[in-house]
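Below is one structure, written out as structure tokens, with a few remarks after it.
No value in this document is a laboratory result; all are computed from the given coordinates. Everything numeric in this text was worked out from a predicted model, so none of it was measured. Cβ placement follows ideal geometry from the backbone for every residue including glycine, while neighbour counts extend to all protein chains displayed.
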Amino acid sequence: MAQQLILDLLPAPPPTLDNFVAGCNAAAVDALRHCEPGRAIYLWGPDGVGRSHLLRGLCQQMGGHYHGPTDPAVALHGLATAETIAVRLVAIDDVQLLDADGQAALFALYNRWRESASTRRAFALVLAGDRSPLAMEVREDLRTRLGWDLVFRLEQLTDAERAQALHSRAEQRGLKLSPEVVAWLLTHHERDMGRLTSLVDALDRYSLARHRAITLPLLKDLLASHQR
């Protein structure tokens, strides 16, 4: 309970392409870094692989429009039918959650993307879902469009990659995490790297405030302090 409590209390750092731990997803991240208007990219994979992180990070980099699962379909329809699309990127998350109206709006947006791809009005279209285009349970004419350009499957980080990412984050802050601390974090916490790096940042601050070295007992003290 304590470790989940602190993960809920600590805000994750804002998502960017630079703070995404790519692991074996380097090809997808490289494609996003070089994404230009006229390109379409579809990312898919299970929850926890960083789909939303990448879409939000790319929007931050390109000044794009992000459409999330809680945004109304009417907003997507308005974007698809606007006289001018004034952004270089439209990113649509959790395609599998779009209702009939949302799917119709995305279909219209895809057609508009294709018509403008080679013109000065071109924009990039980047989407994410939890399964491959062919397995996506959406209308058939939209399903085929999901695979029109680049498609990448995102994979979970291995424990070794997560451990390396935690050590790298600690080194950026001038810290050294013992193998014992890293092993405990990987065993007792979720796979979300944003929350894990937030915990490393909090541990750094707590260590400075208590004038104590970063050890497993200090980490447990930090977690316990948020339970009181």
> Would it be correct to say that His211 is more than 27 Å from the chain's Cα centre (by Cα) and more than 20 Å from His53 (Cβ to Cβ)?
Replying inline: yes
>> When the residues of the range 19-47 are narrowed to those that are in a helix (DSSP H, G or I) and under 13 Å from the mean Cα position of the chain (by Cα), which ends up surrounded by the most Cβ atoms within 10 Å (Cβ to Cβ)?
In response: Leu32
>> Just to verify a result, which residue in the range 68-96, among those that are outside any strand (DSSP E or B) and among the β-branched types (Val, Ile, Thr), is farthest from Ala31 (Cα to Cα)?
In response: Val74
> Any idea which of (1) surrounded by fewer than 20 Cβ atoms within 10 Å (Cβ to Cβ); (2) within 22 Å of Glu140 (Cβ to Cβ) is the one Thr84 doesn't satisfy?
Replying inline: (2)
> Between residues in the range 99-122 that are over 18 Å from Leu76 (Cα atoms) and residues that are part of a loop (DSSP other than H, G, I, E, B), which pairs lie under 6 Å by C-beta distance while being six or more apart or on different chains?
Replying inline: Ala117/Gly38
> In the list Ala202, Ala224, which residue meets the criterion of being under 24 Å from the mean Cα position of the chain (by Cα), farther than 30 Å from Phe107 by Cα and in a helix (DSSP H, G or I)?
Replying inline: Ala202
> Hey, among Leu79, Leu142, Leu54, which residue is under 19 Å from the mean Cα position of the chain (by Cα) and either closer than 20 Å to Pro14 by Cβ or not acidic (Asp, Glu) (or both)?
Replying inline: Leu54
> Quick check, is Thr215 of a type in the set (S, T, N, Q), surrounded by fewer than 17 Cβ atoms within 10 Å (Cβ to Cβ) and within 24 Å of Pro15 (Cβ to Cβ)?
Replying inline: no
>> Among the residues of the range 64-73, are any more than 17 Å from Leu32 (Cα to Cα), aliphatic (A, V, I, L, M) and surrounded by 15 or more Cβ atoms within 10 Å (Cβ to Cβ)?
In response: yes
